[in-house]
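The structure under discussion appears below in the form of structure tokens.
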Amino acid sequence: MTKGCLIVCDGNNGAGKSSVIKHLSGWLIEAGHHVLVTREPGGTPIGEKIREVVLDPSTPELCDTTELLLFAAARAQHLQEKIFPAIQAGQIVICDRFTPATIAFQHYGRGIPLDLVLAINEIALGGFQPNLNIILDIDPAVGMQRVAGRGEVLDRMELQKAEFLSRARHGFLAQAQENPKSFAVVDASRNLDVVAADVKAHVEELLSRLA
């Protein structure tokens, strides 16, 4: 049986997370692995309801502390209901966003003290950490051009100012620099096939270590 693990795909909006995850999950399934693709906030019925609240552009009054607590609540439910059981069953879980986003957006972006962000996040995590955090790095301006090109209504996080998104990008890169063993940064400004190949190489390395 495959050794279960959690691979996180994170980064600023417009970095191509969904497309990369589609490539990665397809490759892993073809290789014979059992794969679960999920997302945050969300992944469970409760988490999806929380997602509606925190990403709703019609709720600008949502305060920063409430936002942080809601993300943590969704994560706690996600772990207990979906991620932990899948890992225990030997599945490779690929999650679109996880703790790197909380630190990048709520600490670096919002300015909430890091010790508070970590303490609240730890309530949800209970000591658990992903096996690999892949950060798809892209200039926020380029990322938002991609998002705008989709022609979809922007969510509450996508409507944040450029300065906020720049701080968040710095937060993602700072985490990767501080934790090189569990983070991998991939230049997401390039062609999708090239980006996906780089991600695949990092995942291959992880799986070889877990074998």
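The values are calculated or read from the model by the stated rules, or taken from the named source; none is laboratory data. What you see is a predicted model, and the numbers here were worked out from it, not measured in a lab. Here the Cβ positions follow ideal geometry from the backbone for every residue, glycine too, while neighbour counts run over all protein chains shown. Surface areas here come from the heavy atoms of the whole protein model, side chains and all, with no ligands, DNA or RNA. Shrake-Rupley method; radii C 1.70, N 1.55, O 1.52, S 1.80 Å.
Once both labels are modelled 7 Å past Cα along the beta-carbon direction, what's the Glu81-His34 spacing in nm?
The answer from the label model is 2.1 nm.
If r is the Cβ-Cβ distance from Leu154 to Arg190 and R0 is 25 Å, what FRET efficiency results, to the nearest 0.05?
Using R0 = 25 Å, I get an efficiency of 0.55.
By how many nm would the segment from Phe128 to Val142 grow when fully extended, if each residue of separation counts as 0.36 nm and the alpha-carbon distance is taken off?
Extra length from Phe128 to Val142 when fully extended: 1.7 nm.
What number comes out for the charge environment of Asp96, summing +1 per Lys or Arg and -1 per Asp or Glu over other residues with Cβ under 12 Å away?
Numbers: positive: Lys17, Lys22, Arg39, Arg51, Arg97; negative: Asp10, Glu40.
Once all neighbours under 12 Å are counted, the net charge is +3.
So how far, in whole Å, is the C-alpha centre of region 184-208 from the one of region 1-80?
Value for the Cα centre distance between the two parts: 19 Å.
Provide the packing ranking of 182-188, 172-178, i.e. peptides ordered by the mean count of other C-beta atoms within 10 Å per residue, highest first.
Highest mean packing first, the order is 182-188, 172-178.
If I take R0 = 25 Å and measure r between the Cβ atoms of Gln177 and Leu69 in this structure, what FRET efficiency does the formula 1/(1 + (r/R0)^6) give, to the nearest 0.05?
0.35
Could you sort Phe128, Phe105 by their accessible area in this structure, using a 1.4 Å probe and putting the largest first?
Working: Phe128 40, Phe105 15 Å².
My answer, sorted largest first, is Phe128, Phe105.
If each residue of separation counts as 0.36 nm, what is the full-extension length gain between Glu204 and Lys3 once their alpha-carbon separation is subtracted? Each step should come with its number before you reach the end.
Numbers: separation 201, 0.36 × 201 = 72.36 nm, distance 1.33 nm.
Additional length available on full extension: 71.0 nm.
Out of (1) 8, 31, 29, 18, 10, 3, 1; (2) 9, 36, 32, 15, 6, 1; (3) 8, 36, 40, 16, 1, which label holds the value of P(r) over Cα pairs in 10 Å bins from 0, in percent that was computed here?
Of the labelled values, this structure produces (3).
Carbon and sulfur together cover what percent of the accessible area of region 23-116 at a 1.4 Å probe radius?
The C+S portion of the solvent-accessible surface of region 23-116 is 58 percent.
With labels modelled as points extended 7 Å from the Cα through the Cβ direction, what inter-label distance (nm, one decimal) is found for Ala89 paired with Leu118?
Between Ala89 and Leu118, the label points sit 3.4 nm apart.
How high is the relative contact order of the chain? Use alpha-carbon pairs under 8 Å, at least six apart in sequence, and give a whole percent.
33 percent
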